[in-house]
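The values are calculated or read from the model by the stated rules, or taken from the named source; none is laboratory data. Just so it is clear, the structure is predicted and the values come from calculations on it, not from any experiment. Virtual Cβ from ideal backbone geometry, glycine too; neighbours counted across all protein chains shown. Surface accessibility is based on the protein's heavy atoms, side chains included, excluding ligands, DNA and RNA. Shrake-Rupley method; radii C 1.70, N 1.55, O 1.52, S 1.80 Å.
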Amino acid sequence: MADPIAAISFADPHVDPYGHLGLVWNPDGSVTRQFEHPKTPVSSYDGSPILLVKDVPINQSKNTGARIFLPKEALESFPGRKLPLLIYFHSGGFVIGSVATTGFDDFHRALATEVPFVIVSIEHRLAPEHRLPAAYEDCLEALHWIKNSQDEWLEKYADLSNSFLMGSSSGGNIAYHVGLSASSCVDDLKPLNIKGLILHQAFFGGNKRTESELRALNDTFIPPCVTDVLWELSLPLGADRDHEFSNPVLSIKPGQFDQIKALGWKILMAGYENDALFDRQFEIAKMLEGEGVPVVANFVEGGYHGIDIFEFPKTKVLCEVVKEFI
């Protein structure tokens, strides 16, 4: 599978974490993106034997939208059979990437065909131009767009009553926060019926370094100094990494998960022990279990952050885990 950030010429992250991300920091607080990450155009699917793909707008004033992946087997199945719907939020630390980024597009293709799903991958606004909670707002708005959509593919082939929210890295963070918001407005979302959340190597943080972060100080892919910068760029101005968007363990409210439990949602937490973010993910899983939320933990030895997207054999394994979960 293609690496979605393969074009980055990595600088020493301890000297220049912005350069590591392909960004230049500007004095006015904005960033300049030094290049555009490789993207897969929808036209590349013309004649694909397994998938139909299209891009659709959601809110043109915000330039948000979605890329929809439809396995061709849905068209060939007996009449009336619909596939589960996966609403996916891409990674990129809230700052980089899009639904068309090549590595993410490859990942969508694998999920859509291996599980299979109808996938709606959401294009949200990026920080620092649009700091959190902008991405959460865009993705929650996308849920309302889906439930009201008259899109032919969703109407004919997607089982909205059997839907899941999934995100990778920062997208896993989005799935968590948007899932909490969605659980409190389920009647407004009908006929969209969410059955659970899939938090894949989810991006959470905190002011104090964890053991997995300390082990990764010299990591060549996503060392803690780089995640620090991503939080600096994406959190509300003046917030630190213990903000509830980054470190929700510190801001649990009484009864916060009662609705999720009442709805019977389950949550899949998937990750790798060598990921710098592993301890944060494990802490969230334990917090959810302690609150009585059904959690399926799939934490694997070894690995690194993003391995399921960058290495196709690992992608196949994750697809099987997701398939069993749903």
### Query
If you check every pair at least six apart or on different chains, which have Cβ atoms under 9 Å apart with a residue in the stretch 235-247 that is closer than 10 Å to residue 204 by Cα and small (Gly, Ala, Ser) first and a residue that is assigned to a loop (DSSP other than H, G, I, E, B) and open to solvent by less than 30 Å² (accessible area, probe 1.4 Å) second?
246/132; 246/203; 246/204; 246/205; 246/206; 246/235
## Note on the structure
Scanning the stretch 309-326 for residues that are at pLDDT 95 or above and within 22 Å of residue 163 (Cβ to Cβ) gives 315, 318, 319, 320, 321, 322, 323, 324, 325
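Taking the stretch 298-325, which residues are open to solvent by 60 Å² or more (accessible area, probe 1.4 Å) and either part of a strand (DSSP E or B) or in contact (Cβ under 8 Å) with a residue 24 or more places away in the chain (or both)? Spell out how you get there, then give the answer.
First pass over the stretch 298-325, keeping only residues open to solvent by 60 Å² or more (accessible area, probe 1.4 Å): 301, 304, 311-314, 316-317, 320, 323-324.
Within the stretch 298-325, 301, 304, 311, 312, 316, 320, 323 meet the criteria.
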### Query
β-branched (Val, Ile, Thr), surrounded by fewer than 16 Cβ atoms within 10 Å (Cβ to Cβ), closer than 30 Å to residue 184 by Cβ and touching a helix residue (DSSP H, G or I) at 6+ places or on another chain (Cβ under 9 Å), is that true of residue 267?
no
## Note on the structure
Residues of the stretch 137-169 being outside any helix (DSSP H, G or I), open to solvent by 20 Å² or more (accessible area, probe 1.4 Å) and within 30 Å of residue 310 (Cα to Cα), in sequence order, are 159, 160, 162
### Message
With free of Cβ contacts under 8 Å to residues at least 12 places away in the same chain and among the polar types (S, T, N, Q) as the only criterion, which of 150, 201 stands out?
### Response
150
## Note on the structure
A careful count of residues in the stretch 36-63 that are closer than 23 Å to residue 108 by Cα and part of a loop (DSSP other than H, G, I, E, B) gives 11
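Give the stretch 64-82 a look and list any residue that's surrounded by fewer than 17 Cβ atoms within 10 Å (Cβ to Cβ), in a loop (DSSP other than H, G, I, E, B) and among the basic types (Lys, Arg), or say none.
In the first step, residues of the stretch 64-82 are kept if they are surrounded by fewer than 17 Cβ atoms within 10 Å (Cβ to Cβ); the result is 72-73, 75-81.
Still in the running and in a loop (DSSP other than H, G, I, E, B): 77-81.
Scanning the stretch 64-82 gives a single hit, 81.
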### Query
Got at least one residue in the stretch 279-289 being farther than 22 Å from residue 137 by Cβ, surrounded by fewer than 16 Cβ atoms within 10 Å (Cβ to Cβ) and in contact with a strand residue (DSSP E or B) (Cβ under 7 Å, 6 or more places away or on another chain)?
yes
### Message
Looking at the stretch 38-68 only, could you name the residues that are out of contact with any Phe, Trp or Tyr (no Cβ under 7 Å at 6 or more places or on another chain) and within 14 Å of residue 146 (Cβ to Cβ)?
### Response
56, 57, 59, 64, 65, 66, 67
### Task
Identify the residue in the stretch 110-120 that is in contact with a strand residue (DSSP E or B) (Cβ under 6 Å, 6 or more places away or on another chain) and either assigned to a strand (DSSP E or B) or not hydrophobic (A, V, I, L, M, F, W, C) (or both) and, among all such residues, is surrounded by the fewest Cβ atoms within 10 Å (Cβ to Cβ).
113
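Could you list all residues from the stretch 121-136 that are under 14 Å from the mean Cα position of the chain (by Cα) and either among the small types (Gly, Ala, Ser) or part of a strand (DSSP E or B) (or both)? If you could, list the steps in order and put the result at the bottom.
Keep residues of the stretch 121-136 that are under 14 Å from the mean Cα position of the chain (by Cα), which gives 121-126, 135-136.
Answer for the stretch 121-136, where residues must be under 14 Å from the mean Cα position of the chain (by Cα) and either among the small types (Gly, Ala, Ser) or part of a strand (DSSP E or B) (or both): 121, 122, 123, 135.
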### Task
Would you check if there is a residue in the stretch 94-107 being among the acidic types (Asp, Glu), open to solvent by less than 30 Å² (accessible area, probe 1.4 Å) and out of contact with any helix residue (DSSP H, G or I) (no Cβ under 7 Å at 6 or more places or on another chain)?
yes
### Task
Identify the single condition in (1) free of Cβ contacts under 8 Å to residues at least 12 places away in the same chain; (2) over 22 Å from residue 203 (Cβ atoms); (3) open to solvent by less than 30 Å² (accessible area, probe 1.4 Å) that residue 134 does not satisfy, given that it satisfies every other one.
(2)
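A quick yes/no check of all residues on (1) open to solvent by less than 20 Å² (accessible area, probe 1.4 Å); (2) assigned to a helix (DSSP H, G or I); (3) over 12 Å from residue 280 (Cα atoms); (4) not basic (Lys, Arg):
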residue: 192; (1), (2), (3), (4): yes, no, yes, yes
residue: 206; (1), (2), (3), (4): yes, no, no, yes
residue: 209; (1), (2), (3), (4): no, no, no, no
residue: 213; (1), (2), (3), (4): yes, yes, no, yes
residue: 217; (1), (2), (3), (4): no, no, yes, yes
residue: 231; (1), (2), (3), (4): yes, yes, yes, yes
residue: 239; (1), (2), (3), (4): no, no, yes, yes
